[in-house]
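The values are calculated or read from the model by the stated rules, or taken from the named source; none is laboratory data. None of these values were measured; they are calculated from a predicted model. Every residue, glycine among them, receives a Cβ derived from its backbone with ideal geometry; neighbour counts consider all protein chains shown.
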């Protein structure tokens, strides 16, 4: 079985920048530990990616905090996280969930044992549980309903602790498994 790790939006703006939280800062060591438990060629990472016109977009009008503007320090994956995954395949995404990530994972599945879904497992970690993690988990589950999709709650943080818990419950209701950190 091939196990893929998807590291969602561990970017400076979500950790200690424009939209950072103490909970996001707190998960960084666990995220690095989880990354190190995976084969280097099995790690994918997403980056929330906006342009200079962010405030003119629908998202910008609803969340008027410029963040993750491509090419800025806030858009970059935190140095310690990036150093732990030097061979990661990056997927830049303009929105919460990424259909490009789902297509890439479906392609990986097609190469694994002729597309036998029992031969692939995808685990997600990162930020924010209640926005981008849940969105990508649900997009992946919809694209590949027979693939085991899991999330490690200890390696995720939400906008608030309450919304983090709500997102975990939502994912569980949609048959996304909750995993534990590997020792």
Every residue from region 148-169 that is surrounded by fewer than 20 Cβ atoms within 10 Å (Cβ to Cβ) and in a loop (DSSP other than H, G, I, E, B): 159, 160
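Quick grid of which residues meet (1) at pLDDT below 95; (2) over 23 Å from residue 144 (Cβ atoms); (3) under 13 Å from the mean Cα position of the chain (by Cα):
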| position | (1), (2), (3) |
| --- | --- |
| 9 | no, no, yes |
| 17 | no, yes, no |
| 22 | no, yes, no |
| 32 | no, yes, no |
| 48 | no, no, yes |
| 79 | no, yes, no |
| 97 | no, no, yes |
| 108 | yes, no, no |
Criterion: surrounded by 15 or more Cβ atoms within 10 Å (Cβ to Cβ) and over 23 Å from residue 3 (Cα atoms) - qualifying residue of 51, 71, 60, 97: 60
Residue check, residue 40 at negative phi and over 17 Å from the mean Cα position of the chain (by Cα): no
Residue within region 170-183 that is in contact with a helix residue (DSSP H, G or I) (Cβ under 8 Å, 6 or more places away or on another chain), surrounded by fewer than 14 Cβ atoms within 10 Å (Cβ to Cβ), outside any strand (DSSP E or B) and at pLDDT below 95 present: yes
